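Everything below concerns the one structure shown next.
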Amino acid sequence: MGKINYKLATVLIFTTMSITILAVESSCDDTSAAIIKDGKILANCIANQTIHAKYGGVIPEMASRKHQLNIVPVVDAALKEAGVEQHELSAIAFTQGPGLLGSLLVGNSFCKAMAFNLSIPLITVNHMIAHVMAHFIDDPKPQFPFLCLTVSGGHTQIVKVTDYLKMEVIGNTLDDAAGEAFDKSAKLLGFSYPGGPLIDKHSKEGNPEAFTFGKPKIQGLNFSFSGVKTSILYYVQKQLKVNPNFIEDHKADLCASIQQTIVDILLGKLKRAAKEHGINHVSIAGGVSANSALRKQFEELGQKLKWNTYIPKFEYCTDNAAMIAITAHYKYLSEDFASLDVPAMARMKF
Ligand code: KG4
Ligand code: ZN
């Protein structure tokens with residue numbers, strides 16, 4: 001009888017076994033759980049927190065308490081929707097950071113307890129890497145190397161991606177993120193939090209060239225949005241002195257002009273990055289990539305410059321656990337597992 005090749009047998013078992021992962025996202029104000037089986041998303045459930053709207057921003061202590069209430073029902077809903085039993089899970093993944101510490105701790109402790117109880121591996125995921133990896137959920141998937149403009153409520157980055165999970169930040173914001181610029185401008189106009197989607201909505205009726213706001217002159221591939229925010233604030237304050245109804249009278253035009261200013265800054269840097277790095281596979285990701293003007297103008301720019309462009313499905317742009325799940329799938333393949341004492345990290349680099 002021939003000798004058994006144990007190494008080959010292990011590889012064969014590993015590659016033929018199906019990989020089913022439960023992933024949890026709890027970095028900010030949305031509690032989300034997803035199930036992925038062999039790289040395919042079977043469920044992606046999200047409990048949004050509306051409590052922060054009236055405060056004009058996320059209140060961290062309230063967010064973590066809501067996560068505590070939501071996490072069990074959301075995980076249950078995801079397992080049920082996917083038709084997966086706990087004992088079928090191969091691993092549990094969660095967002096390690098960056099984000100709000102209290103919110104992260106809820107996902108961190110819940111997933112550790114579940115992985116320990118089921119005696120299965122634990123996988124940590126960087127939230128910003130996951131936004132980029134959202135491109136691998138559906139087809140068409142980007143070719144390597146590609147650039148990703150990741151724009152969220154806390155980050156604005158241009159990332160060069162050379163392989164699954166292999167990426168480096170080549171441009172970053174020096175102050176506010178693009179999402180913050182949307183949200184803070186929206187607050188000034190009297191919208192509730194998060195104001196980005198409301199600026200998008202009202203912009204549809206407005207003229208993007210009605211008002212001109214100052215744009216930053218930052219060298220290289222970095223961004224700055226705090227000057228834009230101040231420029232909008234001063235302009236609106238000045239106009240309000242002349243006409244107390246200025247915002248109401250010009251709401252759509254103000255929204256469209258603010259949105260266009262932010263989109264111009266983002267696409268200007270992305271264009272420069274693609275040229276400097278000689279890369280024509282270009283993508284956008286993160287909550288702000290749900291913005292209709294950014295999506296449209298990104299596609300138009302791509303056509304003009306002969307880029308291959310990629311945008312994740314709408315529900316995979318804003319925070320979701322499906323992006324955590326797809327990242328975890330690739331980490332599972334490279335057996336990149338975490339120990340049970342891994343901390344939550346409010347700040348976290350790639
Ligand atoms: O990625 P994300 O869901 O959470 C973070 O990781 O921060 O991004 C949230 C940000 C918020 O600033 C929100 O206002 C912005 O994405 N956002 C939008 C739109 N949808 C979400 N900004 C502009 N237009 C939108 N349609
Ligand atoms: Zn995010």
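The values are calculated or read from the model by the stated rules, or taken from the named source; none is laboratory data. This one's a predicted model, so the numbers in the text were calculated from it and none came from an experiment. Quick reminder, even Gly has a Cβ in these numbers, built from the backbone with ideal geometry, and neighbours come from all protein chains shown. Heads up: the accessible areas ignore ligands, DNA and RNA and are worked out on the full protein's heavy atoms, side chains in. Shrake-Rupley method; radii C 1.70, N 1.55, O 1.52, S 1.80 Å.
Give region 78-94 a look and list any residue that's in a helix (DSSP H, G or I) and more than 16 Å from ALA321 (Cα to Cα), or say none.
GLN86, HIS87, GLU88
Any chance you could count how many residues in region 187-202 are assigned to a helix (DSSP H, G or I), open to solvent by less than 60 Å² (accessible area, probe 1.4 Å) and in contact (Cβ under 8 Å) with a residue 60 or more places away in the chain?
Adding up the residues that qualify gives 3.
What are the residues in region 95-113 that are open to solvent by 10 Å² or more (accessible area, probe 1.4 Å), small (Gly, Ala, Ser) and in a helix (DSSP H, G or I), if any?
Those that are open to solvent by 10 Å² or more (accessible area, probe 1.4 Å), small (Gly, Ala, Ser) and in a helix (DSSP H, G or I): GLY102, SER109, ALA113.
Which ones in region 114-126 are away from ligand 1 (no atom under 16 Å from the Cβ) and open to solvent by less than 10 Å² (accessible area, probe 1.4 Å)?
ALA115, LEU122, ILE123
Does LYS141 meet the test of being within 17 Å of GLY286 (Cα to Cα) and either surrounded by fewer than 16 Cβ atoms within 10 Å (Cβ to Cβ) or in the same structural domain as ALA328 (by TED's automatic domain parsing) (or both)?
yes
So ILE129 fits all but one of (1) open to solvent by 30 Å² or more (accessible area, probe 1.4 Å); (2) assigned to a helix (DSSP H, G or I); (3) over 27 Å from ALA252 (Cα atoms); (4) not charged (D, E, K, R); what number is the exception?
(1)
Go through region 203-226 residue by residue and tally those that are surrounded by fewer than 16 Cβ atoms within 10 Å (Cβ to Cβ), among the hydroxyl-bearing types (Ser, Thr, Tyr) and within 11 Å of ILE258 (Cα to Cα).
1
Starting from region 25-52, keep only residues that are assigned to a strand (DSSP E or B), then list their pairs with residues that are surrounded by fewer than 24 Cβ atoms within 10 Å (Cβ to Cβ) and among the hydroxyl-bearing types (Ser, Thr, Tyr) whose Cβ atoms are within a distance under 8 Å, requiring at least 6 positions of separation or different chains.
Close Cβ pairs (under 8 Å, with a partner that is surrounded by fewer than 24 Cβ atoms within 10 Å (Cβ to Cβ) and among the hydroxyl-bearing types (Ser, Thr, Tyr)) amount to ILE35/THR20; ILE36/THR20; LYS37/SER18; LYS37/THR20.
Anything in region 252-298 that is within 16 Å of ligand 1 (Cβ to nearest atom), farther than 19 Å from HIS131 by Cα and of a type outside the set (A, V, I, L, M, F, W, C)? List them, or say none.
Correct list: SER257, GLN259, GLN260, THR261, ASP264, LYS296, GLN297.
For (1) outside the structural domain of VAL288 (by TED's automatic domain parsing); (2) within 16 Å of ligand 2 (Cβ to nearest atom); (3) hydrophobic (A, V, I, L, M, F, W, C), each residue gets a yes or a no:
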residue: THR162; (1), (2), (3): no, no, no
residue: MET167; (1), (2), (3): no, yes, yes
residue: ASN172; (1), (2), (3): no, yes, no
residue: ASP183; (1), (2), (3): no, yes, no
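Given (1) closer than 30 Å to ALA113 by Cα; (2) away from ligand 1 (no atom under 13 Å from the Cβ), identify the lone condition not met by THR309.
(1)
Restricting attention to region 329-342, and to residues there that are touching a Ser or Thr at 6+ places or on another chain (Cβ under 9 Å) and outside any loop (DSSP other than H, G, I, E, B), which single residue is nearest to ligand 1 (Cβ to nearest atom)?
LYS331
Considering only region 227-250, how many residues are part of a helix (DSSP H, G or I) and open to solvent by 40 Å² or more (accessible area, probe 1.4 Å)?
Of the residues in that region, 14 qualify.
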